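Working notes, beginning with the structure itself.
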Amino acid sequence: MARTPDSRRGAAFRRWLHGLPRTTRQFVVTGLVIGWLAVWYAALLAIKGSIGDDDVGWADPLSSMIGPLIGIALAFWLRRRALGSFGGVWEFDSAVRRRRLPDDADPAAWGPLLEKGGRFQRGARRFALGLTVTAVVVMVIGFAWAGFGWIAVLVAALVGVVAVALLEFASRRQTARIDDLRDQLRGLEDRGRLTPGD
């Protein structure tokens, strides 16, 4: 499978990053994270200032950032625990995104990694779907109980159905990619069993 220019640039960046000394790599990653947070903060500050009549304080965007940041950190921590290390998360995500195992993939290492990744994916899918369905039901009941018109209740229900459908689609696509990697791994294992006398 030919790599796209974007994947080649991403691979080159990862090689460059991994080639840096550990302290320098930590500084680079920290700088990228801080830069991303600064852009996010500035965008929220500009949006809040453009849609509101009151003056926007420097701390106002933080309330919109804390929840998502906690969620992202928790999800990343759980994935690190499930896959064993940050390196495992990085390698797994890269392989799933490209739908291709590394050229030097070791079946003894990738077999457990794919198993852990698939198990985490199934658990995350059940949790996310359960949470989304519960939120949609609560929202629809709340709209109806608060006296909103049937159009508002219908729109809320449709938004919920679309959200569940998109979540299910993304989950199935991720599962299909993991299955593709398992097929590739079985091919490597089969080739590894062959000997010149076979």
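Say whether the condition of being polar (S, T, N, Q) and either part of a helix (DSSP H, G or I) or surrounded by 13 or more Cβ atoms within 10 Å (Cβ to Cβ) (or both) is met by at least one residue in the range 77-93. Explain how you work it out, then say what you get.
Start the filter on the range 77-93 by keeping residues that are polar (S, T, N, Q), which leaves 85.
Checking which are either part of a helix (DSSP H, G or I) or surrounded by 13 or more Cβ atoms within 10 Å (Cβ to Cβ) (or both) leaves us with none.
No, that holds for no residue.
Could you tell me whether the range 166-174 includes any residue that is part of a helix (DSSP H, G or I) and modelled with pLDDT under 85?
Within the range 166-174, the first condition is being part of a helix (DSSP H, G or I), and the residues that meet it are 166-174.
Pick out the ones that are also modelled with pLDDT under 85 and you get 167.
For the range 166-174, residues part of a helix (DSSP H, G or I) and modelled with pLDDT under 85: present.
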Where the second residue is part of a helix (DSSP H, G or I) and among the hydrophobic types (A, V, I, L, M, F, W, C) and the first is at pLDDT 75 or above and lies in the range 13-39, which pairs have Cβ atoms under 7 Å and are six or more apart or on separate chains? LEU20/VAL28; ARG25/LEU17; VAL28/LEU17
Specify which of the listed residues (ALA165, ALA176, ALA152) is under 27 Å from GLY87 (Cα atoms), without any contact (Cβ under 8 Å) to a residue 12 or more places away in the chain and either surrounded by 14 or more Cβ atoms within 10 Å (Cβ to Cβ) or not polar (S, T, N, Q) (or both). ALA176
Exactly one of ARG100, ARG125 is in the same structural domain as LEU185 (by TED's automatic domain parsing), without any contact (Cβ under 8 Å) to a residue 60 or more places away in the chain and basic (Lys, Arg), and that one is ARG125
Which of the residues belonging to the range 107-148 are in a loop (DSSP other than H, G, I, E, B) and either touching a strand residue (DSSP E or B) at 6+ places or on another chain (Cβ under 8 Å) or loosely packed, with under 13 Cβ neighbours inside 10 Å (or both)? ALA146, GLY147
Counted residues, the range 145-180 - those being among the small types (Gly, Ala, Ser) and touching a helix residue (DSSP H, G or I) at 6+ places or on another chain (Cβ under 8 Å): 6
Kindly indicate the residue of the range 24-76 that is surrounded by fewer than 10 Cβ atoms within 10 Å (Cβ to Cβ) and more than 26 Å from the chain's Cα centre (by Cα) and also nearest to GLY118 (Cα to Cα) among those meeting that condition. ALA59
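Scan the range 149-164 residue by residue and report those that are small (Gly, Ala, Ser) and part of a helix (DSSP H, G or I). Let's see the steps before the verdict.
As a first pass, look at the range 149-164 and keep what is small (Gly, Ala, Ser): 149, 152, 156-157, 160, 163.
Answer for the range 149-164, where residues must be small (Gly, Ala, Ser) and part of a helix (DSSP H, G or I): ALA152, ALA156, ALA157, GLY160, ALA163.
The values are calculated or read from the model by the stated rules, or taken from the named source; none is laboratory data. No experiment lies behind these values; they were computed from the predicted model shown. Neighbour counts are summed over all protein chains in view; Cβ atoms, including those assigned to glycine, are modelled from backbone coordinates with ideal geometry.
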